[in-house]
């Protein structure tokens, strides 16, 4: 599936090819902190299909619990996350689904790091919803 994405302010834009079956929710504490939310929704794309169209993201290097180092990219102007990848010679990029134009079509297919999930985040069906603020 061809996707396009951008940061919130629009200075960074990109495109890629992905398999929608790879969309996942991560409940790890790093994803919680890096998103300011209960989890992150991401999808991996092969490096050869990822192409920056405009802008240059700022990179933050995070050492995970496993000891692996990950490059987290975001827009230096608006702070929107763009992707994470290996620090050197990435074979794939983990795109942030919320920044993709096709996000409504990319339902998660799995959840990882569930041991770190917020107890209330697994089923929000009973929480009242309002169409607009």
Exercise. If a residue has to be in a loop (DSSP other than H, G, I, E, B) and farther than 23 Å from residue 52 by Cα to count, how many in the range 12-30 make the cut?
Worked result: 2
Problem set entry | From the options 52, 33, residue that is more than 18 Å from residue 103 (Cβ to Cβ) and not in a strand (DSSP E or B) | 33
Problem set entry | Flag if residue 42 is under 13 Å from the mean Cα position of the chain (by Cα), modelled with pLDDT of 95 or more and either crowded, with 16+ Cβ neighbours inside 10 Å or not in a strand (DSSP E or B) (or both) | yes
Exercise. Does the range 95-103 contain at least one residue that is at pLDDT 95 or above, part of a strand (DSSP E or B) and closer than 14 Å to residue 34 by Cα?
Worked result: yes
For this session: Those residues that are within 14 Å of the chain's Cα centre (by Cα), buried (at least 18 other Cβ atoms within 10 Å of the Cβ) and under 15 Å from residue 93 (Cβ atoms), I need them from the range 7-25; list them, please.
Result: 7, 14, 16, 18, 23, 24
Exercise. Residues in the range 62-82 that are surrounded by 14 or more Cβ atoms within 10 Å (Cβ to Cβ), touching a residue at least 60 places away in the same chain (Cβ under 8 Å) and part of a loop (DSSP other than H, G, I, E, B): how many?
Worked result: 3
Problem set entry | Whichever residue in the range 84-102 is at negative phi and without any contact (Cβ under 8 Å) to a residue 40 or more places away in the chain and, among such residues, is surrounded by the most Cβ atoms within 10 Å (Cβ to Cβ) | 85
Problem set entry | Pairs where the first residue, in the range 113-133, is closer than 24 Å to residue 24 by Cβ and the second is part of a loop (DSSP other than H, G, I, E, B) and modelled with pLDDT of 85 or more, C-beta under 6 Å, 6+ apart | 113/27; 113/28; 114/27; 116/27; 116/28; 117/27; 118/38; 121/38
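The values are calculated or read from the model by the stated rules, or taken from the named source; none is laboratory data. Keep in mind it's a predicted model, so treat the numbers as computed, not measured. Backbone-built Cβ (ideal geometry, glycine too); neighbour counts: all protein chains shown.
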